[in-house]
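Accompanying notes for the structure given below.
No lab work stands behind these numbers, since they all come straight from the coordinates. Computed from a prediction, not measured in an experiment: that's the story for all the values here. When we count neighbours, we look across all protein chains shown, and the Cβ atoms used for this are built from the backbone with ideal geometry, even at glycine.
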Amino acid sequence: MKTHLKLSTLVATMLMVATTQLMAAEPMLSTGGYATQLQKLEMMKMLDADGNHMVTIAESDAYYNSIFDALNKDQDDSLDTKEWAGTTKQTKLDLATGGYTRELRSMKMMKMMDTDADHLVTREEFLNHHRAIFNKMDTSTDKQLDAQEWVAKVFGGH
Ligand SMILES: [Ca+2]
Ligand SMILES: [Ca+2]
Ligand SMILES: [Ca+2]
């Protein structure tokens, strides 16, 4: 009886470890709402600085650096929850659509980007997360996104 119990505990532990590893291997990059808003062509145009209908990783980095600056009211190197959410009067970012701004500023998205869970999103965490999103969308792995890649359903978010 005792051995039985131990065995089931062991199996349960192993299952938990396996599940955790699975989750670690494929971290959540996006909520469903965020993916929907980001993947609008209106947003693609905002990232495509040279207007050649392709978004390069450099264009993406430059864009998210600007978004970070726009959110980072106190100009230190991280975004706290207040900066993230913004005030009710000033919620839309000039650089993005209203729908995108709203989805970006959700606490769910903030938590996904805050990889060390210190309730601050540093510039590095912010850029790394968007690079991961870029790589996920870049199915041809040529470091640029065309319109087809832009709108393709690659996120399993909720
Ligand atoms: Ca471009
Ligand atoms: Ca800040
Ligand atoms: Ca952090």
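So here's what we get for this one:
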| item | result |
| --- | --- |
| Two-site label geometry, residue 85 and residue 41: point separation in nm, points 7 Å out along Cα→Cβ | 3.7 nm |
| Loop-located trypsin sites (Lys or Arg not before Pro) in segment 48-120 whose Cβ has at most 13 other Cβ within 10 Å (DSSP) | 89 |
| Highest to lowest packing among 58-65, 137-144, scored as the average C-beta count within 10 Å | 58-65, 137-144 |
| Separation in nanometres of the label points that stand 7 Å from Cα toward Cβ, at residue 142 and residue 61 | 2.0 nm |
| Amide H contacts under 5 Å for residue 145, placed H, 5+ residues apart | 55, 56 |
| Percentage relative contact order, segment 28-151, counting C-alpha pairs under 8 Å, at least six apart | 35 percent |
| In order through segment 141-150: 3J(HN,Hα) via Karplus (6.51 cos²θ - 1.76 cosθ + 1.60), integer Hz, x for Gly, Pro | 6, 9, 6, 9, 10, 8, 4, 5, 5, 4 |
| Over 31 Å between alpha carbons, listed pairs 40/82; 40/111; 111/153; 6/111 | 6/111 |
| Net charge over other residues, Cβ less than 11 angstrom from the Cβ of residue 85 (K, R count +1; D, E count -1) | +1 |
| Ellipticity estimate at 222 nm from DSSP helix runs (n ≥ 4, -39,500 (n - 2.57)) divided over the chain, nearest 500 | -17000 deg cm²/dmol |
